[in-house]
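The values are calculated or read from the model by the stated rules, or taken from the named source; none is laboratory data. Everything quoted here is computed from the prediction, not taken from an experiment. Counting neighbours? That spans all protein chains shown, and the Cβs are built from the backbone with ideal geometry, glycine included.
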């Protein structure tokens, strides 16, 4: 049985950043990196971008590390393998092929999977979600022949894919189960702004609508909705959320709730086991609560901090997460914890009529998050206000004034 000083499960940005960081701290300790995909590190961010899908950039630009990088840094890349069992007492990980690996220190950076539709016909060809490089390659192949596309869901993936389908000159319909886009994360004003941009871009938006069946032979030919409407299509992309694959960890006592539970040092409930990335439900020192922040930037920073702790340089993870997307001439950003809740005061900034609208979320005396539509220039300063735990009590009027300079609130 092969054993490693550092074993990392997950070949995405969190896992690879961890391996890279460990090597800067420990030049000789053995590192093994398990990835369920056979590919070396690539950009999941680029997966949903038009320049990649429409062939405007060389395909190879999606790769962020080459095989030689792993070899040069003496990192064993174990691609196309999946962990199925963890024995934290014996410090052994078992893979799908039955082989076992030992470890001294373990990082769980397994990420999440795209939620798959279970409606009849969802297993037909040309029905996709977008999470992996193989998903992207299949969609790219379908772009060459499809003329009618349907995207399902009210989030980043559906928005970005609708933009891509229109750029490919397809008739595009977006199905929303909700009454407006991104409900309930956004308010109706924000959702209506996004819908307006979609419609202006040529997308047909069907709200309060759900697919009941996907029809056709081997490939999809149409979709029937629950109200009986049938829509022609040759390509469907579901963007209906993600699911964690953590059941195999629960058997060995790793505490799992929505994700793998960790403290501010990204340590799990098991000794010498850390977690990072989309699967981590960590104690956020900025927000003062356990959260999951599933995005590329957050995963990269968590991988770095988890690795420092694994290598003996103990430090807490403190970072204000953010995510942006753009399409149809509209830029959308989330900063910090932008989830709605009864304990959160929401201050509006700008207006939908001006096509520039933000919402600042406050708990107690401090800003904890924001949503910004066509106001991303304020993203950095809001991140700093959150990070510095600035007291904004008594500043409600100023925060709601679009002309007020938020920088003046910084220490």
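Kindly state which strands (runs of 3 or more DSSP E) lie completely within the stretch 1-119 and contain at least 1 residues that are at pLDDT 95 or above, surrounded by 18 or more Cβ atoms within 10 Å (Cβ to Cβ) and not assigned by TED's automatic domain parsing to the domain that holds residue 153.
On the way: elements: 2-9, 31-35, 75-79, 83-87, 92-95, 100-108, 112-114.
Correct list: 2-9, 31-35, 75-79, 83-87, 92-95, 100-108.
Looking only at residues in the stretch 274-292 that are outside any loop (DSSP other than H, G, I, E, B) and touching a helix residue (DSSP H, G or I) at 6+ places or on another chain (Cβ under 9 Å), which one is farthest from residue 12 (Cα to Cα)?
Narrowing the stretch 274-292 to residues outside any loop (DSSP other than H, G, I, E, B): 274-275, 280-284, 289-291.
Going one step further and asking which of them are touching a helix residue (DSSP H, G or I) at 6+ places or on another chain (Cβ under 9 Å), we end up with 274-275, 280, 282.
Working: 274: 16, 275: 13, 280: 14, 282: 18 Å.
Looking at the filtered set, the residue picked out is 282.
What is the residue count in the stretch 363-382 for residues that are in contact with a helix residue (DSSP H, G or I) (Cβ under 9 Å, 6 or more places away or on another chain) and not in a helix (DSSP H, G or I)? Full working, then the answer.
Filtering the stretch 363-382 down to residues in contact with a helix residue (DSSP H, G or I) (Cβ under 9 Å, 6 or more places away or on another chain) leaves 366-374, 378, 381-382.
From what is left, the residues that are not in a helix (DSSP H, G or I) are 366-374.
So the answer is 9.
Output the residues belonging to the stretch 383-411 that are outside any loop (DSSP other than H, G, I, E, B) and under 29 Å from residue 297 (Cα atoms).
Quick first cut of the stretch 383-411, residues outside any loop (DSSP other than H, G, I, E, B) only: 383-387, 391, 396-399, 406-409.
Across the stretch 383-411, the qualifying residues are 383, 384, 385, 386, 387, 391, 399, 406, 407, 408, 409.
Checking each residue in the stretch 186-197 for being surrounded by fewer than 16 Cβ atoms within 10 Å (Cβ to Cβ) and touching a residue at least 60 places away in the same chain (Cβ under 8 Å) picks out 189, 192.
Here is a yes/no grid of residues against (1) in contact with a strand residue (DSSP E or B) (Cβ under 9 Å, 6 or more places away or on another chain); (2) surrounded by fewer than 19 Cβ atoms within 10 Å (Cβ to Cβ):
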position	(1), (2)
179	no, yes
199	yes, yes
203	yes, no
217	no, yes
220	yes, no
224	yes, yes
230	yes, yes
239	yes, no
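Only residues that are modelled with pLDDT under 95, in contact with a helix residue (DSSP H, G or I) (Cβ under 7 Å, 6 or more places away or on another chain) and either in the same structural domain as residue 286 (by TED's automatic domain parsing) or not in a strand (DSSP E or B) (or both) were counted in the stretch 330-362, giving 0.
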